[in-house]
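Here the structure is laid out as structure tokens; the discussion comes afterwards.
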Amino acid sequence: MAAPAVSTARGTSLVDGVPHRDGRPFFCVGVNYFPSRAGCDMWRDWDPAVLDADFARMAALGFNTVRIFTFWADFEPTEGGYDPRMTARLRELAALAHRHHLLVLPSLLTIWMNGQLFDPPWRAGRDLWRDPDMAERQRAFVRHVAGALRDAPNILAYDIGDEIPHVDPAASHSLDAPEVRAWWDGLAAAIRAADPGALVLQANEGSAVFGDHAFRPEHARPLDLVALHGFPLWTPFHIESAAAVKATAYLPYLVRRGRAHAPVLVDEMGSYGCDEATAARYLRAAAHSAFAAGAVGICVWCWQDFTSESKPYALRPGERFVGLLDMDGREKPALDVFRGFARRVTGELAGFRPLPAKVGVFLPERTGDHDGGYLASGSDTETAAFYAHCLLQQAHLPYEFIGAEDLERYAMVICPSVRPLPLAAQRRLGEYTVAGGVLLYSTGDLLGPAGLEELFGVRVRDFTQDPAEQDRFTWADTPFPVHWPAGPVPVVDSTIAETLARYPNGTPALTRQQRGGGVAYFLNAPLEALLNAPYRLQETRWHRLYAAIGEKEGIRPELFADEPLVETTVLARGDERCGVVVNHATAPVTTTVYRTTPSGDPRAERHLSLEPKGVAFVRWQSGPHPATDAGPGRDGEK
């Protein structure tokens, strides 16, 4: 067995992508922090007594991390000139946190915050990425901050800069992947030069996964971790409310996308635009689901509501009311939920991690090539990927997002509504099926089936402008309506594939072809992408498409519930197993959780009654005769 990959940072190490401290797995649970009265003016309106009291309260609640922001304009008020008072205050903050056994996660190049710019006036609009003088100023600044903290024993990692593409969207979106990697690499090297062994990340919101810029996890080789933020109010996925099923499915989706490339820290999560009870339920389900998805830490946005009325709160007063505490220090319901979560993941669940999955979701690598202009057509792959996640979660099939090199590790590979499917990817998928894999491809494009006759046994016949000809099919005792967008609809014929379901016009909707040692399923609809409309996900039992194919091919989840809106994820710690059971529904659910026996038969493990967004756990030892050991109490505690 190869030695574990280890990266060390002053008592914190990454062992095979899992943070450790003092030789033990470490899960970061904490908050994003500004003092309530000072807000973003905290470095100029300095009050260490307030910090000390806040840090003491965080520690007493069971949190272990505080994320803070070094506003560049405060620390470097003139170009190349650092304010020694700010540097001293930063060291004092780290010492105060250490007094209360809190780790510090500093976000360094803080320019963008709550939708407003806090720009150093001397930058004068210069490009952060392509102006060589600005690039050097950034490297010098992160060296300065990391050097000031290098002797602090409680630095978890350094965030290069929070959501920094939003400082100048036009410039940042023009960068290609090599330019972003080079920028990350230069700043990470500067930090590590000042603080050897430091862990480095860069935090972005969900556009790092679904957006059109290159600040993406797949390009993050220069970083130790990626940090992602998930707020259900701001997505392209038509999430109906903070209480919706899709809302609490969103954060674990981001984690799973990021984990395909690097360990993922959720360093901002929470909810906007809802009442305290809804916010608490959201936090409970989303945090536990993100933990089950493999996040290495979670920090809530944010510690306390703000009495400050200065920038950015004057222009964006809604940002004043998203704390775990209110302005008077009263604990909101979400704080009690997060306290229970912190106790659980740093206690009885410490060290549990996701098991290898049976199902892989394959998305061809993005390229920097032109998207095709008028030739671009079909579905949105990023949207399709989110809905594939929702369907797999509801089918209780454990899965991972994967690259082409990893296909053979999975019993089943899903390629959801991908547009287009490049030739190299077609050939790689063909090799996978010949080698014994099960493939499901849902076409994302009118020309998607073209050239795939050998792989799927289907060919393009024509197209139609009448979507009613192909607006529904039935399979696995489930009706599937198909909501085609305006434009040409592909019509296919089966050549040698078995037709499993047909459209009203008699043409194949779903086919299956034996190929080598495996099978290839072809769905003539961009099903996953077509789900992106409010309330459409609950229109029918969409997940049955995935579940029934898995059942037909002998691919069954180890743990599943009889209610699709109840997520079941199996985590492992040595021979111990823990099933994390999360009710994503907006209503209470009574369900039975089953385990699949070695013979493939289901065996009932527990009958659970879960409140909306409730959580429970099922524990057992791996082996031929496992025993369960858990039942939910309040918030799923034993």
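The values are calculated or read from the model by the stated rules, or taken from the named source; none is laboratory data. Only a predicted model underlies this, so the values are computations on that prediction, with no experimental measurement involved. Please note: Cβ atoms are built from the backbone with ideal geometry, for glycine as well, and neighbour counts cover all protein chains shown.
When you scan segment 211-221, how many residues do you find that are of a type outside the set (Gly, Ala, Ser) and touching a Leu at 6+ places or on another chain (Cβ under 9 Å)?
Filtering segment 211-221 for residues of a type outside the set (Gly, Ala, Ser) gives 212-213, 215-219, 221.
Checking which are touching a Leu at 6+ places or on another chain (Cβ under 9 Å) leaves us with 213, 215, 217.
The total comes to 3.
Quick check on segment 453-476: of everything there that is of a type outside the set (Val, Ile, Thr) and touching a residue at least 60 places away in the same chain (Cβ under 8 Å), which residue is nearest to Arg427 (Cα to Cα)?
To start, the set of residues in segment 453-476 that are of a type outside the set (Val, Ile, Thr) comprises 453-457, 459, 461-463, 465-473, 475-476.
Still in the running and touching a residue at least 60 places away in the same chain (Cβ under 8 Å): 455-457, 475-476.
Numbers: Leu455: 9, Phe456: 12, Gly457: 15, Trp475: 28, Ala476: 29 Å.
Among residues in segment 453-476 that are of a type outside the set (Val, Ile, Thr) and touching a residue at least 60 places away in the same chain (Cβ under 8 Å), the one nearest to Arg427 (Cα to Cα) is Leu455.
Only one of the listed residues (Ile496, Ile549) is on the phi < 0 side of the Ramachandran plot and within 28 Å of the chain's Cα centre (by Cα). That residue is Ile549. Residues that are small (Gly, Ala, Ser) and part of a strand (DSSP E or B) were ranked within segment 587-626; the one that is surrounded by the fewest Cβ atoms within 10 Å (Cβ to Cβ) is Ala604.
Figure legend. Inter-residue proximity from segment 255-283: first residues surrounded by 21 or more Cβ atoms within 10 Å (Cβ to Cβ), second residues assigned to a loop (DSSP other than H, G, I, E, B) and hydroxyl-bearing (Ser, Thr, Tyr), beta-carbon distance below 6 Å, spacing 6+ or different chains. Indicated pairs: Ala279/Ser271; Tyr282/Ser271. Of the residues that make up segment 124-138, is at least one touching a Leu at 6+ places or on another chain (Cβ under 6 Å), surrounded by fewer than 21 Cβ atoms within 10 Å (Cβ to Cβ) and free of Cβ contacts under 8 Å to residues at least 24 places away in the same chain? Yes, that holds for at least one residue.
Residues of segment 437-447 include at least one that is of a type in the set (Ser, Thr, Tyr), under 22 Å from Trp542 (Cα atoms) and touching a helix residue (DSSP H, G or I) at 6+ places or on another chain (Cβ under 8 Å). Within segment 419-439, being out of contact with any strand residue (DSSP E or B) (no Cβ under 9 Å at 6 or more places or on another chain) and among the aliphatic types (A, V, I, L, M) holds for Leu423, Ala424. When segment 415-432 is filtered for residues that are in contact (Cβ under 8 Å) with a residue 40 or more places away in the chain, of a type outside the set (A, V, I, L, M, F, W, C) and closer than 21 Å to Val492 by Cα, the ones remaining, listed by number, are Pro416, Ser417, Arg419, Pro420, Pro422, Gly430.
Looking at segment 323-352, which of the residues that are of a type in the set (A, V, I, L, M, F, W, C) and closer than 26 Å to Ala572 by Cβ is surrounded by the fewest Cβ atoms within 10 Å (Cβ to Cβ)? Give the derivation first.
Step one: of segment 323-352, the residues of a type in the set (A, V, I, L, M, F, W, C) are 324-325, 327, 334-335, 337-338, 341-342, 345, 349-350, 352.
Remaining after also requiring closer than 26 Å to Ala572 by Cβ: 337-338, 341-342, 345, 349-350, 352.
Values: Val337: 24, Phe338: 26, Phe341: 23, Ala342: 23, Val345: 22, Leu349: 20, Ala350: 13, Phe352: 23.
Here the answer is Ala350.
Scoring Leu187 on the criteria (1) within 21 Å of Met269 (Cβ to Cβ); (2) crowded, with 24+ Cβ neighbours inside 10 Å; (3) more than 18 Å from the chain's Cα centre (by Cα); (4) not charged (D, E, K, R) leaves a single failure, condition (1).
In segment 284-321, the residue that is surrounded by the most Cβ atoms within 10 Å (Cβ to Cβ) out of those that are of a type in the set (D, E, K, R) and either assigned to a helix (DSSP H, G or I) or in contact with a His (Cβ under 8 Å, 6 or more places away or on another chain) (or both) is Arg284.
For segment 522-542, the set of residues classified as out of contact with any Cys (no Cβ under 8 Å at 6 or more places or on another chain) and either aliphatic (A, V, I, L, M) or closer than 17 Å to Lys358 by Cα (or both) consists of Leu523, Ala525, Leu527, Ala529, Leu530, Ala533, listed by residue number.
Taken together, the criteria exclude Pro420 from residues that are modelled with pLDDT under 80 and buried (at least 23 other Cβ atoms within 10 Å of the Cβ).
A quick yes/no check of all residues on (1) at pLDDT below 95; (2) not hydrophobic (A, V, I, L, M, F, W, C):
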residue: Arg541; (1), (2): no, yes
residue: Glu553; (1), (2): no, yes
residue: Gly579; (1), (2): no, yes
residue: Val582; (1), (2): no, no
residue: Thr592; (1), (2): no, yes
residue: Pro598; (1), (2): yes, yes
residue: Gly623; (1), (2): yes, yes
residue: Gly636; (1), (2): yes, yes
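Yes/no matrix, rows are residues, columns are (1) in contact with a helix residue (DSSP H, G or I) (Cβ under 8 Å, 6 or more places away or on another chain); (2) loosely packed, with under 14 Cβ neighbours inside 10 Å:
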site: Tyr432; (1), (2): yes, no
site: Glu453; (1), (2): no, no
site: Val460; (1), (2): no, no
site: Phe463; (1), (2): no, yes
site: Phe473; (1), (2): no, no
site: Pro479; (1), (2): no, yes
site: Gly487; (1), (2): no, yes
site: Pro490; (1), (2): no, no
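Here is a yes/no grid of residues against (1) assigned by TED's automatic domain parsing to the domain that holds Ile414; (2) within 26 Å of Arg459 (Cα to Cα); (3) in contact with a Lys or Arg (Cβ under 9 Å, 6 or more places away or on another chain); (4) surrounded by fewer than 18 Cβ atoms within 10 Å (Cβ to Cβ):
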{"position": "Asn505", "(1), (2), (3), (4)": "yes, yes, no, yes"}
{"position": "Asn524", "(1), (2), (3), (4)": "yes, yes, no, no"}
{"position": "Glu528", "(1), (2), (3), (4)": "yes, yes, no, no"}
{"position": "Glu567", "(1), (2), (3), (4)": "no, no, no, no"}
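Put simply, of Tyr374, Tyr441 the only residue that is crowded, with 19+ Cβ neighbours inside 10 Å and either assigned by TED's automatic domain parsing to the domain that holds Asn524 or modelled with pLDDT of 95 or more (or both) is Tyr441.
Among the residues of segment 457-474, count how many are assigned to a strand (DSSP E or B) and farther than 24 Å from Leu439 by Cα.
Our first condition is that a residue be assigned to a strand (DSSP E or B); within segment 457-474, this holds for 458-464, 472-474.
From what is left, the residues that are farther than 24 Å from Leu439 by Cα are 462-464.
The total comes to 3.
Within segment 158-188, the set of residues being small (Gly, Ala, Ser), within 16 Å of His219 (Cα to Cα) and free of Cβ contacts under 8 Å to residues at least 24 places away in the same chain comprises Ser174, Ala182.
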